[in-house]
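The values are calculated or read from the model by the stated rules, or taken from the named source; none is laboratory data. These numbers come from a predicted model, not from an experiment. Here the Cβ positions follow ideal geometry from the backbone for every residue, glycine too, while neighbour counts run over all protein chains shown. What goes into the accessible areas is simple: the full protein's heavy atoms, side chains included, and nothing from ligands, DNA or RNA. Shrake-Rupley method; radii C 1.70, N 1.55, O 1.52, S 1.80 Å.
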Amino acid sequence: MMNQNTLIAVGNVITPVQIRHTPDGTPVTTFRIACNERRRDRETNAWVDKDSFYVSVTCWRRLAENVCRSLRSGDPVMVRGRLLTRSYDTADGRRNTVTEMEADVVAADLNWCTAHVTRTRRTETGASAGVPDNGSDQTVERPVEDGWADEGVEPSDDPSRELTGAVPAAGH
């Protein structure tokens with residue numbers, strides 16, 4: 001068994017959420033989050049901002065597609081994933097090291113927003129329904145059962161359950 005550094009980061013998306021595809025067509029989404037610590041100062045009874053932690057997040061495959069559809073800069077999120085360190089040489093010959101997070105779970109932080117949820121279904125090609133596969137303009141219309149139908153649960157036809165991204169909650 002390999003040791004992993006698993007982290008849960010809670011913060012706000014601070015960059016545009018960008019999707020690209022690897023040469024074999026695998027979707028990859030990247031964005032950065034800022035995790036800000038706030039504490040109440042007992043002497044002044046005021047909220048005080050502490051240091052911020054910034055981390056780049058990478059999502060792969062279906063998670064990448066769903067994150068790209070769902071999140072925007074400013075949205076409050078919770079991200080769980082592995083910390084990875086990568087080194088590279090710059091054009092001027094210096095060696096840089098960056099720490100990144102490879103996400104396996106991304107969720108809206110419902111302390112600060114509301115969300116409407118729509119379950120995605122896998123298609124025969126493995127892409128999520130409604131997302132073009134390998135950049136094509138066609139989608140596979142016949143979904144493949146992926147487990148939840150076996151439990152008697154179907155995606156809701158109620159439009160209020162569609163994922164519209166994080167919406168700031170009143171008063172926050």
For region 39-128, accessible area per residue (1.4 Å probe, heavy atoms of protein chains only), Å²: 65 Å²
Within-13-Å neighbourhood charge of Leu83 [Cβ basis; K, R +1; D, E -1]: 0
Amide hydrogen neighbours beyond the local backbone of Arg121, cut-off 5 Å, H modeled: Ala129
Volume per residue that the Cα convex hull of region 9-104 spans, once the total is divided by residue count, Å³: 135 Å³
Computed label-point distance, nm, for sites Asn45 and Arg86 using a 7 Å Cα→Cβ extension: 4.9 nm
Neighbourhood charge, 10 Å Cβ-Cβ cut-off, centred on Val55 and excluding it, Lys, Arg +1 and Asp, Glu -1: 0
In order through region 24-35: 3J(HN,Hα) via Karplus (6.51 cos²θ - 1.76 cosθ + 1.60), integer Hz, x for Gly, Pro: 8, x, 6, x, 9, 10, 10, 6, 10, 10, 10, 9
